Structure formats: C-alpha cells, structure tokens
1. Per residue of the chain, what 222 nm ellipticity follows from adding -39500 (n - 2.57) for every DSSP H run with n ≥ 4, rounded to the nearest 500?
2. Sorted by accessible area with a 1.4 angstrom probe, largest first, how do 40, 34, 51 fall?
3. Whole number in Å², please: accessible area per residue of the chain, 1.4 Å probe, ligands, DNA and RNA not counted.
4. Would you count, across region 17-151, every pair of lysines whose alpha carbons are under 24 angstrom apart, provided the pair is eight or more residues apart or spans two chains?
5. Quick one: pull the percent of accessible area on the chain belonging to carbon and sulfur, 1.4 Å probe, ligands and nucleic acids left out.
6. Charges on Cβ only, +1 for Lys and Arg, -1 for Asp and Glu, centred on the Cα centroid of the chain; of 57, 85, 143, which one is farthest towards the dipole's positive end?
7. Per residue and in cubic angstrom, what volume does the convex hull of the Cα atoms of the chain have?
8. So what's the angle, to the nearest 10 degrees on a 0 to 90 scale, between helix 65-76 and the longest Cα principal axis of the chain?
Amino acid sequence: MKIRGTLTIVDAAAHDYEFRAQRSTGVSTQQVVKTAGQSKLYRTTGERQPKMVAHLSVSADAADPAAELQEQLSRVTAGMATKRQPRLRGRTLLSTDGTRVTLNQQSGEVECVLRFAGADRQNLQETLIKRMQQISTCFAINNALLAPLSR
C-alpha cells in the first residue's frame with residue numbers, strides 16, 4: 001500500500017518526523033524518471049499543474065534515517081544545475097578573504113557572503129566565529145548607514 005503525503009522533519013537528532021497524508025485527486029503520469037537505488041526523481045503531468053517529485057526510500061532499520069534521506073536526495077539530484085543568486089549591487093562595507101558585506105540602500109538589502117577554502121574547512125567552527133565577529137564589527141562601524149533600513 002502506498003500513501004502520498006508530506007514528511008516534515010521536526011527534530012532530526014531525535015528522529016522525530018511528522019507525516020501528513022494527501023488526498024488523491026487524479027491520475028498523473030511520471031516523465032523523465034531518474035533513479036538511484038530505490039529512490040527516484042520524476043516530473044508529473046497532473047491535472048492542475050506539473051510538478052517535480054522526489055520519492056526517497058530508506059530502509060526501516062537505518063541507523064540515521066535523516067542522513068540517509070539526504071544522501072538519497074543528493075544521489076537522485078546529482079548533475080542537476082543549481083541557480084546562483086545574483087550578487088547584490090551597492091556599497092561594499094567589508095571585503096576580506098572569504099567575507100564580503102554589501103549594502104544596497106535603495107532596495108534596503110544587506111548581503112553577507114562567506115566562502116570557505118580547503119584550508120578553512122579543517123577549523124570550520126573557528127573560522128565561522130571569526131568571520132561572524134568581523135561582520136558584527138562591520139555592522140557596528142556602519143551603524144549610521146544601516147539604521148535607516150530598520151525603520
């Protein structure tokens with residue numbers, strides 16, 4: 001028996017999930033099926049609108065079901081192109097190795113970009129804390145520019 005629905009991860013560490021079953025309202029056809037193990041990714045031609053569906057399967061006795069779900073998703077979506085967010089245009093408030101803060105006063109947006117190189121990955125937590133302190137200091141220094149955005 002198969003039941004369609006939505007699985008919400010409430011607390012991954014405690015393996016706490018919430019499942020809501022959906023009503024079936026019509027027959028849809030699977031197109032462009034890509035499989036990896038027992039999981040699959042396909043497009044549908046439903047009555048209302050076509051969708052992309054990821055059907056992920058994990059064994060019942062899995063030690064870490066959330067991690068296996070993520071692994072199955074990465075396998076099924078391997079090779080799919082991702083769309084990068086365009087860079088915010090505006091005044092650069094901070095630009096150091098791996099950290100950039102940009103302010104666009106017209107749109108009222110602030111963009112913080114963090115990049116980690118291979119060497120940074122070994123001490124990722126320390127590097128992240130250091131860069132967040134740099135961003136916080138940048139916000140304090142540029143408070144006069146950022147204050148109008150909060151109104």
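The values are calculated or read from the model by the stated rules, or taken from the named source; none is laboratory data. Please read these numbers as outputs of a predicted model, since none were measured by experiment. Ideal geometry is used to build each Cβ from the backbone, glycine not excepted, and the neighbour counts take in all protein chains shown. We work out accessible area using only protein heavy atoms, side chains counted, and drop any ligands, DNA or RNA first. Shrake-Rupley method; radii C 1.70, N 1.55, O 1.52, S 1.80 Å.
1. Details: 3 runs with 34 residues, N = 151.
Calculated at 222 nm, the ellipticity per residue is -7000 deg cm²/dmol.
2. Numbers: 40 50, 34 75, 51 120 Å².
Of 40, 34, 51, the descending order of accessible area is 51, 34, 40.
3. Working: 12050 Å² over 151 residues.
Value returned for the chain: 80 Å² of accessible area per residue.
4. Numbers: 34/51; 34/83; 40/51; 40/83; 51/83.
Going through region 17-151 pair by pair, I get 5.
5. On the way: 5850 of 12050 Å².
Carbon-and-sulfur percentage of accessible area, whole number: 49.
6. Going by the charge dipole, the pick is 85.
7. On the way: hull volume 33.5 nm³, N = 151.
Roughly 222 Å³ of hull volume per residue.
8. Taking Cα atoms only, the helix is inclined about 90 degrees.
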